[in-house]
Amino acid sequence: MDYWVYDCLGDAYARKKDVKPAIENYQLAVSTYCKLFNTTEKAIR
């Protein structure tokens, strides 16, 4: 899946105030983004 799908899932959970799955999906989004663009989270920051 593309990173934006995980980001949207994170947004949906965050709107429902369901914190744990929101954070998990945001983490998956960042991880997927890094793999897709061959970068690291440190480089993005």
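The values are calculated or read from the model by the stated rules, or taken from the named source; none is laboratory data. Keep in mind it's a predicted model, so treat the numbers as computed, not measured. Note: ideal-geometry Cβ built from the backbone for every residue, glycine included; neighbour counts use all protein chains shown. Surface accessibility is based on the protein's heavy atoms, side chains included, excluding ligands, DNA and RNA. Shrake-Rupley method; radii C 1.70, N 1.55, O 1.52, S 1.80 Å.
Which of the residues spanning the stretch 5-27 are open to solvent by 80 Å² or more (accessible area, probe 1.4 Å) and part of a helix (DSSP H, G or I)?
Result: R15, V19, K20, I23, E24, Q27.
Of the residues that sit in the stretch 28-45 and are among the polar types (S, T, N, Q) and part of a helix (DSSP H, G or I), which one is surrounded by the fewest Cβ atoms within 10 Å (Cβ to Cβ)?
In this case the residue turns out to be S31.
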